[in-house]
Structures are given as C-alpha cells and as structure tokens.
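Chemist: Got a structure for you, written out below as structure tokens; questions coming shortly.
The values are calculated or read from the model by the stated rules, or taken from the named source; none is laboratory data. This structure is a prediction, so every number in the text was calculated from the model and none was measured. No Cβ is skipped: glycine too gets one built from the backbone with ideal geometry, and neighbour counts run over all protein chains shown.
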Amino acid sequence: MPIDHAPIAYEPSPPSPAAPADRRVPRLVHLTGRHNKIEAYAFGFRQPVFQYELAVQAEAAADLGALDALMGSALETSMPAMAAASPSDLVERLMAWTTVLLQRARHPVLEPARLLKRQSGTPAVFVVAQPCLHPAATQEVVLNLISLINKASQPLQAPDCLNSTVTDSLSQLTRSIEKHGFNGFNTGHFVAAAAELGLPWRRLRGQLVQLGHGANARWLESSWTDRTPVIASGLARNKQAAAALLRMNGLPVPDHHLAESATQALRQADALGYPVVIKPVDRDGGEGVRAGLADASAVRAAFDEAARLSKRVLVEKHVPGRDYRLQVVDGEVQGVLERVPGGVVGNGRDSVRILLEQQNHERRTALDDRRYLHAMDLDDEAMKLLAAQGLTGESVPAEGQGVRLRSASNVASGGVPVELSLDQVHADNLRLAERAARVLRLDVAGVDLLAPDIGRSWLETGANICEVNAMPQMFTTMHKPMLRSLFKGGNGRIPVLIVIEAARPDLQVAGSIHQWLSRCGQVAGMARGGEMWVGADRVATGLASSLVGARMLLLDPAVQALVVAFDGEQAPQASWPVDVCDVLVLHGALPDTGGRSQWQNWLSLAQFLKPRQVLVNVDNADCRRSAAAVFGPSTPVQGVHWQSATDLSEVAHRAVEALIGATSV
C-alpha cells in the first residue's frame, strides 16, 4: 500500500494585497503561511497546483447559509443548501467556490481540488491541493474567499451589507484574475481536449501553449499552430486579398468592392444590386459584419459601424443561402456547423422582449454548450428586422414561430451553431472547402460557405465562399478532432526515464542509460544535478536542480527521449517534470533523516508518477523494503523488476529498447 506523504516544502508568503487583513474581523479562518505554488506536476495532478494549509475554528463554519446563498446567486451557479456546516464542510465549499471562480475567469480547472491532509483539533488544520492555471492568481482567489467567510462569520452581519460585500468582492476579484486567464475561446477548450486525450500541456506565455513533449510536441495559439504560415494567415485576414486569390484559383466567391466612404459604399451597393453585405476587410469573428442590407440607410449605418473598426470596408453582394462553417485541419474537413442567425422562437404566450430576456438568462446560466452563446439586445438591427417581419418587441409570436433578430449568422452576433455529421455533407462541398484551405496554404482553416443545401453538390446548386479564417473560433465539438489530427492519434509524449540514485561515481545509472539511448539512434536529453545534455552535448551548467533542467529539455524539439537523474541524498520536493514516466529506476543507499528513510520520502512522491516499469536495486534493504510498500503486488504497475546493482543497468537498457519501439511518435 502507498505510504504516507513526505513532509512538504512550503513557501511562506505575505498576505495578498487584493485581500488586506482587517483587524476588526476575527480570523476564524486563515492560511497558516505554509503554501506552495507548483508549476510542475504534483500529487498526481496534470496541471499546475496551488497547495495551501488552512486553519479553521469550529464557529467559522457554524452558519454559512446566508453567504452560501449569496455566493450561488452572484456566481449564477447552484450548490446543495448548506445551513450549518462542520470545518470540513466549509473547506469543501471553499474548494468548490474557488473552482467556480477560476473557471468563470477563463482559468481551466480540469480536475477536482483535493484534500491532502486533515488534522482535527482547535483550530482544525487542512492541507488542500487546488489545480489551476496560474497559482498566484489562485492564491488571490483563496485569500479573498477566506476574507468573505470571516466577514460573514461576524455576529449581527446585516444581510444587505453582506450582499453588497459579496457582489463587490467577487466582481473586483474576477476582473483582477481575468488577465491571467486564457482570453478568447479556443485555448481553454484545446487544453481541456488535450487533458481528455491524455496529451500533456503547458502554458508558455499568454495564449501560447505547448501540447506534448520534446520532439513530439506542438504549439498552439488559439487555433494557430506552429506550422501555420505567416504569409498565408496574413493573407486570409485580408478578406479582399484572400477572395482575389480564391477567384484566381477558380473558387466561387461573391462580388465585392472596396469602399472608402459611405457615399462610395452607396454607389457600389447600387451597382451590385440590393441586398448587400458590409464588412471590415481585416476583422475576424464576424465583427462589424452586417448582411441582408436592403436600402441606403441600412448601408450607411453599417458602413459607419465597420469604418470604426477598420480603415478598409468591403461592400459585397448578398448571396442567399444557409450559412455553413467547414473546419479544415491538415487538408481534411474535420467538422461542419450550420450557423443559424440569432433570434427567438415563439411560445404563443410571451412577447419577443420577454422571450429574448429568457433566452439570454438561459445562455448566461447554462451548464451545457449554450453558455458559450452570446446574448442579444433589441438594438437597432433587431428592431429593423422585427419591423420587416411585421413585429415589434411587444408582439407575441405564435408557438413555434421563428423570429429573426440578426442579419448575420455568426456566433459572435448571437447565432446558434448546429453540428452536422460529415455524411450529411456532399463530397463535392467537402472537397471545395479543402481546396480553399489548400490554395491559401493554410494548415488550419474555417471555411464559411453559403449554399442552399449542404447535402447537394455546389456544382449543381451554386455556392459561395464568403470567408476563409486562418484562426477560426471553433465550437466545443471541434477541438478534440483537430488535436487527434495534429498528433496523428498519438499522445505527443516521448520516452521518459527517471532515476533516483545516490550521488556516487560508481552508481551513475542515469549516464549509462543516456549513452545507451544515443547508441539506439535517439537524441536523448539528460538533466542531472545542475547540468543538462542534448545528445552528446552538454548545453547548460549551474542549473538550480534536475527538475529545472528536465522542464527545459521537454521544450526542446530536438529531444526524442529524456533521462532525469535525482540525487537521492537531497531532500525530495513535491513536484516532478512530467505527470507520468515510463521507467523509474531506484538505485543506491540513501541516509536516514529524522527517523524516516530518504527512500520513504522519495517514494511517497514517486508513486504519483504511475511508472510503467520500476527497476529496484535489491542489494539495499531499505530501497527494497520501501519500494515493496509502494509498488507491491496491489499496485497497477506493469512490471516491477528486482535486480542486483550489477544487473540494473543491463535491465534498464532492455527496458529502454522495448520502450523506444512501443512509444507513439
């Protein structure tokens, strides 16, 4: 059975400036000052972790019903009622609130928070591991929530005052941490899809993430990849230039002209024939697009709006038809959406205004994909469309009657994406989208197609490509298929071997394995102490630790396999450079420290690596005994090999050879 956790190395920290201590508020709940911001992998989590120790007085959890209700209302989420609670219940609720707040601020939390340790007494003490994106921002969330709990625990707390405090605090906190989250839509969903597919991920900066390790890794920034051509993406962003190139290749695109003024836009609309579309030349996501413009006043208003976004505005012939988005990845359509213009559906009882309010509320509070749909207002565009349908905001549509409130159908303006299966799409239409991406030299593209019926060939019905997006915003169903395509069904990992051994020249198993990998034709990286190698070249010295060097090597696209050597005589830390390893080698005699052997300390943390194989030096009784306690018959390790010191390197070499052949690339 796994042994108890080793003592954790905590990092003391001053109170967060976002949650200043209030001397008038009793500190019934507080952080002890023992916490750890972990950017690497710890405790079996597959994302960064903020680990903290919390002290809770029993009276702090006695009556949290009012605060809990206010939190649920402010966060627009529902949790089971909690009128009275124990300290353990309070900590569980604190973990749940933290997760909801982080997710609302676009910080992916892909695993539940975990209570690592609890100690009864007065106060009760808890150690919590909170998975997160940005540990410092997560600390800010925890401190602010603790401050709210302490304020709510004050006697005679006025409900109105508490309500105002909760609303203001959460609003300020969300704004403060949003800048550390993933902006936009794609990145967070790619990270979530990667976690589901078993792809390791790591944030590099901003919206740029690495998926996979070393030579098998890919970079993504939104839906741009490390192989998206700069020339092609710049060309696609210029709608006029992209349409011209598509037209040169015989692809169907609507007629359009560049307008430098509203007057010129009106002349061009007359020449093209109404209705027309107005769009900025160089904006994405449907921003500033107005479709179905049927008169001069609508054209003038749409031009003014587009001109505020771009110096160049297109007037385009409106093409009737249904709006489809075809997602192309590496030359193949991976998904298709029909984009239905924003509107409401009547129920025979409520007015358009009430129906829209209800729909906006449903989108805002939904737990399914509706939460990603945009709210709409009864603005000028909506009122004009209502008038064209003989309706007003107070009209009551019949049950099932569709009422259109947007001319364009993109999701950003309130449209609704409806996923279609590929067998619903005619093969000619799939090839059309794939060719559009190909002639623009794009590895990833969102091709917007206007066609009467996607199930019939465009060669028979006619169709027009109104836009090709080089950084398409994809709906939630499309991120996973794109990653499967990018990684050819693999998991983006390289062989990783971790060696824990005594720091003696006669026990350098890591160096032997590294040399063996090179003889097998692999460019192997090795991190050992303060030094780092790529192949035969020593590329860095004076590094803080093997952990630091290993994390560097995982970013190097030349590295096809990785060996990490930890000096067993050093105190083990909580984190590892990878979430799982292929081979774990335990070798050498380590000294006891404070009545607990170093092997016990190391292996209490090494169990989280879930190694495929464990190679154990049986010549050392303490190593053998500690390994048996963690990696005995009851653990799901594929193979545990008990070897003498003289045979350990040879067994490791055989494991490496088998691993290279089995690892997906």
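Chemist: Give the number of residues within the range 256-272 that are part of a loop (DSSP other than H, G, I, E, B) and modelled with pLDDT of 90 or more. Outline the logic, then answer.
Modeler: Filtering the range 256-272 down to residues part of a loop (DSSP other than H, G, I, E, B) leaves 260-261.
Narrowing the set further to residues that are modelled with pLDDT of 90 or more leaves 261.
Total meeting the criteria: 1.
Chemist: Just the residues that are modelled with pLDDT of 85 or more and of a type in the set (Asp, Glu), please, taken from the range 145-187.
Modeler: Those that are modelled with pLDDT of 85 or more and of a type in the set (Asp, Glu): Asp168, Glu178.
Chemist: I would also like to ask the following. Restricted to the range 285-337, and to residues that are among the hydrophobic types (A, V, I, L, M, F, W, C) and under 26 Å from the mean Cα position of the chain (by Cα), which residue is farthest from Gly184 (Cα to Cα)?
Modeler: Step one: of the range 285-337, the residues among the hydrophobic types (A, V, I, L, M, F, W, C) are 289, 291, 293-294, 296, 298-299, 301-303, 306-307, 309, 313-315, 319, 326, 328-329, 333, 336-337.
Those left that are additionally under 26 Å from the mean Cα position of the chain (by Cα): 326, 328-329, 333, 336-337.
Numbers: Leu326: 20, Val328: 20, Val329: 20, Val333: 23, Val336: 21, Leu337: 19 Å.
Applying the filter and picking the extreme gives Val333.
Chemist: Next question, about the same structure. Among the candidates Leu115, Leu143, Leu110, which residue alone is part of a loop (DSSP other than H, G, I, E, B) and of a type in the set (A, V, I, L, M)? Don't jump to the end; show me each part of the working.
Modeler: Numbers: Leu115 fails: part of a loop (DSSP other than H, G, I, E, B); Leu143 fails: part of a loop (DSSP other than H, G, I, E, B).
Sole residue among the options that is part of a loop (DSSP other than H, G, I, E, B) and of a type in the set (A, V, I, L, M): Leu110.
Chemist: Testing Leu459 on (1) more than 30 Å from Ala243 (Cβ to Cβ); (2) not in a loop (DSSP other than H, G, I, E, B), one condition comes back false. Which one is that?
Modeler: Of (1) more than 30 Å from Ala243 (Cβ to Cβ); (2) not in a loop (DSSP other than H, G, I, E, B), only one is false for Leu459: (1).
Chemist: Name the residue that is nearest to Trp224 (Cα to Cα), counting only residues in the range 406-442 that are modelled with pLDDT of 95 or more and of a type in the set (Val, Ile, Thr).
Modeler: Checking each candidate, the answer is Val439.
Chemist: Shifting gears a bit: Would you check which residues across the range 107-122 are surrounded by fewer than 20 Cβ atoms within 10 Å (Cβ to Cβ) and either of a type outside the set (A, V, I, L, M, F, W, C) or under 18 Å from Ser176 (Cα atoms) (or both) and list them?
Modeler: Let us first name the residues in the range 107-122 that are surrounded by fewer than 20 Cβ atoms within 10 Å (Cβ to Cβ), namely 109-112, 114-122.
Scanning the range 107-122 gives Val109, Glu111, Pro112, Arg114, Lys117, Arg118, Gln119, Ser120, Gly121, Thr122.
Chemist: For the range 467-482, how many residues meet the condition of being touching a helix residue (DSSP H, G or I) at 6+ places or on another chain (Cβ under 7 Å), surrounded by fewer than 24 Cβ atoms within 10 Å (Cβ to Cβ) and part of a helix (DSSP H, G or I)?
Modeler: 1
Chemist: Something else about it: Could we say that Arg202 is modelled with pLDDT of 90 or more and closer than 30 Å to Asp295 by Cβ here?
Modeler: Details: modelled with pLDDT of 90 or more: yes; closer than 30 Å to Asp295 by Cβ: no.
No: the conditions fail for Arg202.
Chemist: If Met71 satisfies every condition in (1) in a helix (DSSP H, G or I); (2) at pLDDT 90 or above; (3) of a type in the set (A, V, I, L, M, F, W, C) but one, which is the exception?
Modeler: Met71 satisfies all of (1) in a helix (DSSP H, G or I); (2) at pLDDT 90 or above; (3) of a type in the set (A, V, I, L, M, F, W, C) except (2).
Chemist: When the residues of the range 525-583 are filtered to those that are more than 25 Å from the chain's Cα centre (by Cα) and of a type in the set (S, T, N, Q), which remaining residue is surrounded by the most Cβ atoms within 10 Å (Cβ to Cβ)?
Modeler: Ser546
Chemist: Counting residues that are within 19 Å of Asp647 (Cβ to Cβ) and in contact (Cβ under 8 Å) with a residue 60 or more places away in the chain, which strands (runs of 3 or more DSSP E) fully inside the range 488-550 reach at least 2? First the steps, then the outcome.
Modeler: Working: elements: 496-501, 524-528, 531-534, 537-540.
The qualifying strands (runs of 3 or more DSSP E) are 496-501.
Chemist: Which members of the range 76-106 meet the condition of being modelled with pLDDT under 80 and either of a type in the set (Ser, Thr, Tyr) or buried (at least 18 other Cβ atoms within 10 Å of the Cβ) (or both)?
Modeler: First, the residues of the range 76-106 that are modelled with pLDDT under 80: 76-85.
Passing the criteria: Thr77, Ser78, Met82, Ala85.
Chemist: Also, quick follow-up: Is it the case that Gly72 is at positive phi, assigned by TED's automatic domain parsing to the domain that holds Phe45 and out of contact with any Lys or Arg (no Cβ under 7 Å at 6 or more places or on another chain)?
Modeler: Details: at positive phi: no; assigned by TED's automatic domain parsing to the domain that holds Phe45: yes; out of contact with any Lys or Arg (no Cβ under 7 Å at 6 or more places or on another chain): yes.
Against the criterion (at positive phi, assigned by TED's automatic domain parsing to the domain that holds Phe45 and out of contact with any Lys or Arg (no Cβ under 7 Å at 6 or more places or on another chain)), Gly72 does not qualify.
Chemist: List the number of the failed condition for Leu355; all other conditions in (1) in contact with a Lys or Arg (Cβ under 9 Å, 6 or more places away or on another chain); (2) modelled with pLDDT of 90 or more; (3) more than 26 Å from Ala445 (Cα to Cα) hold.
Modeler: Every listed condition holds for Leu355 apart from (1).
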